[in-house]
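These notes are about the structure you will find just below.
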Amino acid sequence: MKEEIEDIIIGKIKTGDFSACRYIVDKYKSFVFNIALRILRNREDAEEVAQDSFIKAFKAIDSFKYQSKFSTWLYRITFNNAISRTRQKKFFQEEINEEITELKNLSVCADGLENLNRLDRRNILRNAMENLSKDENLLISLYYYEENSMAEVAEIVGLDENLVKVKIHRARKKLHGLLLDLLGVKQEDIL
């Protein structure tokens, strides 16, 4: 009987009666939130994932074919959203940790560059930049020299912003290694 009522409500949502969404949200909000919380272990993130899951479910309601229970279908959406969020957070955490390490390493480069006069510094940096690939050189130039935001760089080069972040990060690491080589500093000496 309850599944029949749910099927009728889902049918209403499929025909555009979004006032029926309230029934689904009320029925499954604890279920969806608890799934997200178990995976994310953070209340705020779980609330966001739960909300996103309902939005995705309602937007994709036409793809629900009654081949499984609605709760199973909604669970899958929630699970995928939560896993995606953990990957994003993990990537962000790794990026922050690498940036901290990179800043420490860059201070060694900066110390080495400090001892050189302005013309020598400019020549060493130009030489290192020339040893980057054309794409790496362009990304570094757009971001650091032209002072564009990541979003602006992504728009300019026609790539996804996250991909631009990764490529700039890798280019900086490569540039750092090139600068160390040009300054005669061994990587082992700074670790």
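By how many nm would the segment from T72 to V157 lengthen if fully extended, with 0.36 nm per residue of separation less the alpha-carbon distance?
26.5 nm
Place a point 7 Å from Cα of Y23 in the direction of its Cβ. Which residues in the range 41-82 have their backbone N less than 19 Å from it?
It comes to 54-55, 57-75, nothing else.
Assuming 0.36 nm per residue, please report the length gained on full extension of the stretch I8 to F31 beyond their Cα-Cα distance.
6.2 nm
Go through T86, T72 and list them by solvent-accessible area, largest first, probe radius 1.4 Å.
Output order, biggest surface exposure first: T72, T86.
What's the FRET efficiency of D135 with R87 using the Cβ-Cβ distance as r and R₀ = 25 Å, to the nearest 0.05?
0.50
The values are calculated or read from the model by the stated rules, or taken from the named source; none is laboratory data. Being a predicted model, the structure only gives us computed values, none of them experimental. When we count neighbours, we look across all protein chains shown, and the Cβ atoms used for this are built from the backbone with ideal geometry, even at glycine. We work out accessible area using only protein heavy atoms, side chains counted, and drop any ligands, DNA or RNA first. Shrake-Rupley method; radii C 1.70, N 1.55, O 1.52, S 1.80 Å.
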